[in-house]
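Notes follow once the structure below has been shown.
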Amino acid sequence: MPTCRRKRVVLTEPSDALLQAAHSDPNKHVFYLVQTGEIFDTYEAYSARMSFYRLKQFQCEVTGKSGLDYFQAVDSERQEARTLHTRFSEPLKPAVLKAVQWQVMGRLDHLVEAVYERFKDRYFIGERVLVDLSGVKYYARVEKVYPPKYNADANARDAHKDASSSSTLDDDPPHVIGGDLKVPAKDALANDNPTLYYYWVHLTELERDKSHEKGKSSTKITEADKRLVGSLIEVQCGMMSRDRLSFSKSILRRFIRDCVDREAAVASPWTVKANIAKRYGVDSVMPEETRQGVEIIKKGEIDKRKKAWEDKEGPPNKKQKKMTAAQEDRGEAVYAHMLTTKHLTVHAAEKREREARDKAEKQRLAKEEAERIAAEKKKKKPVRYPTEDLDVRIADKDKKAGMRLTRPLANRACLPFNDSTGSFEAFLMAWNFLVVYGQPLHLSVFSLDEFENALRHSVVDPPCPLLAEIHSTLIYNLRTVSFVRHSALLSLLKRKEDIENNGDTEESVLGVTADQLVAAMADVGNNWERVPLRFAEGREGWEDALVGCLKDHANLTNFPRLQEILTKLLFSPADSTSESKLPLSEGTETVLAEIAYPNERYYSLPAEDRIVILSFMCNLAISSNAIHAHMESCEEQLTALRKEKIEVNRLKKQHQEEMGVLVGESKEDSSGSNGNGEDAIMLDSSELSDVSEGGSESTSAAGGKKSSRQKDLRIKAHTIAHSKEREAARAKQASQKQAMAEHRRLDEEVNKLERWLESIEREFRKLLGAVRVKPLGRDRFYNRIWWFDGMGSASLVGSGGIALYGTGRLFIQGPSEFDLQQLEKKALEDAEDITARRKEEEGEEGMLGPQDWAVYTELEELDAFVSWLNSKGHRELALKSALTKWWVHITAGMRKRVADLNSNAKLPDARRSARKTAHGYDLSRDPYMLWTNRRAINSS
């Protein structure tokens, strides 16, 4: 149990209100903490408890690790317990647990010491032990145990040597008396002496040599010692020992502490946990005599503590002042009152202990009932999405809404070189390496289709420029990688020597022996690290340089097919006029007899062999200085892009806030326009009334000019009012026009920033692809979804906004071995058949293994796949978000690839046939033959 501030964490018991509701209101909604099984009636209590568990203040009780949260501490304890129970001797567990059951010892260390002393020289059937025979140690397994009564009767022991039963001669188990801790050590030694036991042990193997360890001296092992392995011998405990990793005081202490428990009351016995006792056959019901003995010990311990507490008030100190008579009387009264209070306190403590035990028992029963109710309600508990993908089930309303039930079948047949295991994956890896690191390799971008067609190119004339550039740039790069001169030659000769030393006959590869191959290799590609492979000359001589590179970099350890491939490159069939120009199929029976040149024989290699060569060269090139420097440069640029993205987002947010302020002001102006007009009219009316009053006074004085004067003033007042209204309207219109212009400007700025962010994302993908290649995501069954376009030196958008692609497809890779273990673990937890569910939701043909790949090449397939994804799961929500983010570029690349394939469509097998080339078909017009390396460096 994890500890917090050196105290064990006690789980929260359900409140009384919840216990009553379990009977009165079974449908009451509660908050259930799955990891601990605790139940809360309010969310505040639940969240407070969860916040407490998430604090980094817990400690693993087994390892002592601190600074963990509660769940990490629990996982650490479980892991350590798993390791402990694996190491601890299985036959020894029942005996140790029976020995510690109902033992009353204050400290665990004392209990461990007693158990260790009793069992260090006692062994049980089936135990794995070490046996020392004249200084030579063997691992052995105990087959039979003979008790002390057979100590002097060797014939009786030998009579049972070949008995089929793996037990003692008696029905009783061994070491019954010696393993009982209730029997004193002296009596146990007298009645059940471990030195008088005999054991028949089966020697399984020699102990490994530990002479390399400090202070260890090596023991000379003879052939006679080795011959003893597998024999059955008779030994005693003095010749036997256990491995310290399986039996020591520290291991024993951890095992006992993990398996036993004890109440907090005084003199409580150590008890084996119920589930462990049931598993190992330990009696979990305390015998009556044991219970009485425990009660006597407990009562004696309580009386001892009571007496020690009462004796604290001893006679007065000599240095203490002499009290007066009144003080003595008062002190005696106080002392008597204290004694009475102490007795009452002891009785009250005993009463509280009984009440605590009763309460604990009631709480245990209530907890079991609550757990049962919680288990029944668990299925009805509402799920908060997104959640674990395998917990998501398609509801009826989703089916009615048209959600796809089965994943669309991905195509495996159209994957190139997918007939042999691992070939497509190596092919894809080589293409990705060459495209991603095109800048340091000085290699222009080419598509996966062009790479496939180049690897299938089997015609010497015209030569394939793509093959020449790929191999030449890798050869230039591998010149900077350290190598061992003639490593292939040394490896072949060493294997031949090993075969001869074993007395076997050397087998030829394709009719060529190792000596013939070594002789043919001698004069090919010796100065490959200095030969100029010029771009202007079509990289002439790259085939010989390739053989030289393999001679110095490859051996049979890092390149197992070295001898076979070199044989195919340096030898041709006897009938060189016909068969040498045809590609050798995988597993061919053709016998090669004549020495040939690599520039002729390379085009006869099967595509699978070419992939193996390129894969080997790419794995070596990754360690070159040029690639490392490029990766470091990409890391620096990624850091700068992250900062730039933060700044652009900040500026975009600022512009959007300004646009919001402008929109709000325009709304206020439009809503307040009527009020402003009324104010202007009222102001004009007030001026008119003032003027009218003044005019009225003058007209009364003037007499007959009253009516004409009023009419002139009224017309003038209306004219002034209308001119003010027009002026205000013009000012308002100018202000709104200016605000709209500012809004348009800000909107354009935001659009520019969004395009800038999009270009940053594309550049970020390119740079990140040069550092690490990650899948877009995983689906519910841990299938990985890959999209390789736009990484490294490749781009997603060309000049003029045209779409570019590298693969133009979406690949699916099956789950890894670890992912399959996660699926099995989830199936065991939920008691669900994952295989049946995969067949239902993926289709039997659509289920992929760890090494399987499939592909979506059509937009309709991709749309169906996205509609199959369920965003209620964590993994598929992240995958769907990634697909949405890059959807425009993914679909544009797929359309562009389909259009290119349709425009370059030809008759089947036409582009590979030399016969059709002779009849007029121009192979050089194929797209892969028109590729040019624009990044090539002309100088050698």
Segment Ile646-Ala264, length gained on full extension (0.36 nm per residue, minus Cα span): 131.7 nm
Listed residue pairs exceeding 30 Å between alpha carbons, taken from Lys653/Lys737; Lys653/Lys880; Lys766/Lys880; Lys249/Lys362; Lys400/Lys880; Lys28/Lys872: Lys249/Lys362
Burial order of peptide ranges 730-743, 424-437 (average beta-carbon count within 10 Å, highest first): 424-437, 730-743
In Hz, Karplus ³J(HN,Hα) per residue of region 445-462 (6.51, -1.76, 1.60; θ = phi - 60°; x = Gly, Pro): 6, 9, 7, 5, 5, 5, 5, 4, 5, 5, 5, 8, 5, 10, 10, 5, 10, x
From phi via Karplus (6.51, -1.76, 1.60), per-residue ³J(HN,Hα) for region 528-533 in Hz, x at Gly/Pro: 4, 7, 10, 5, x, 9
Paramagnetic reach from Ser633 in region 755-790 [backbone N under 18 Å; point 7 Å along Cα→Cβ]: 763-772
Estimated vicinal HN-Hα couplings, Hz - region 748-755 in sequence order (Karplus 6.51, -1.76, 1.60; Gly, Pro = x): 5, 4, 5, 5, 5, 5, 5, 5
Label point distance in nm, Gln236-Ala274, each placed 7 Å from Cα along Cα→Cβ: 4.7 nm
Projected label distance in nm at Lys307 and Gln733, using a 7 Å step from Cα toward the beta-carbon: 11.3 nm
Dipole moment magnitude, nearest 20 debye, region 87-282 about Cα centre, only Lys, Arg, Asp, Glu C-beta charged: 800 debye
Two-site label geometry, Ile177 and Glu829: point separation in nm, points 7 Å out along Cα→Cβ: 5.3 nm
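So what is the relative contact order for region 437-623, in percent, with contacts set as C-alpha pairs under 8 Å and at least six apart? Walk me through the numbers before you get to the answer.
Numbers: 221 pairs, mean separation 49.9, N = 187.
Value for region 437-623: 27 percent.
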Overall dimensions of region 777-903 by Cα: Rg and Dmax, Å: 16.5, 57
Alpha carbon centroid spacing (whole Å) that separates region 175-210 from region 488-516: 56 Å
Two-site FRET efficiency, Lys28 against Leu901, from Cβ-Cβ distance with R₀ of 60 Å, rounded to 0.05: 0.40
Length gained when the stretch Asp498-Glu223 is fully extended (0.36 nm per residue, less Cα-Cα span): 96.7 nm
FRET efficiency estimate (nearest 0.05) - Cβ-Cβ, Leu409 to Cys4, R0 51 angstrom: 0.45
Compactness of region 437-623, expressed as Rg and Dmax over alpha-carbon positions, Å: 16.4, 53
Listed peptides 802-815, 233-246 by packing density, highest first (mean Cβ within 10 Å): 802-815, 233-246
Amide proton proximity set for Gln103, modelled H, under 5 Å, gap of 5+: Trp270
14 Å Cα-Cα reach of Lys774 towards aspartates and glutamates, excluding residues that sit fewer than 8 places from it in its own chain: Asp789
Under 16 Å from the Cα of Lys304 - aspartates and glutamates, other chains or at least 8 residues apart: Glu295, Glu313, Glu350
Radius of gyration and Dmax over the Cα atoms of region 3-84, both given in Å: 15.2, 46
Difference of contour (0.36 nm per residue) and Cα-Cα distance, Lys298 to Gln822: 183.6 nm
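Can you tell me which of 484-497, 714-727 comes out highest on packing, and rank the rest after it, using the mean Cβ neighbours within 10 Å? Write out the running numbers ahead of the final one.
Numbers: 484-497: 15.5, 714-727: 13.1.
Sorting 484-497, 714-727 by mean packing, highest first, produces 484-497, 714-727.
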Amide H within-cut-off set for Ala593, under 5 Å, with H built and near neighbours excluded: Ser572, Ala574
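Read the figures in this text as sums done on the coordinates, not as results from a lab. From a predicted model like this one, the values you see are computed outputs, not experimental measurements. All Cβ positions, glycine included, derive from the backbone under ideal geometry; neighbour counts span all protein chains shown.
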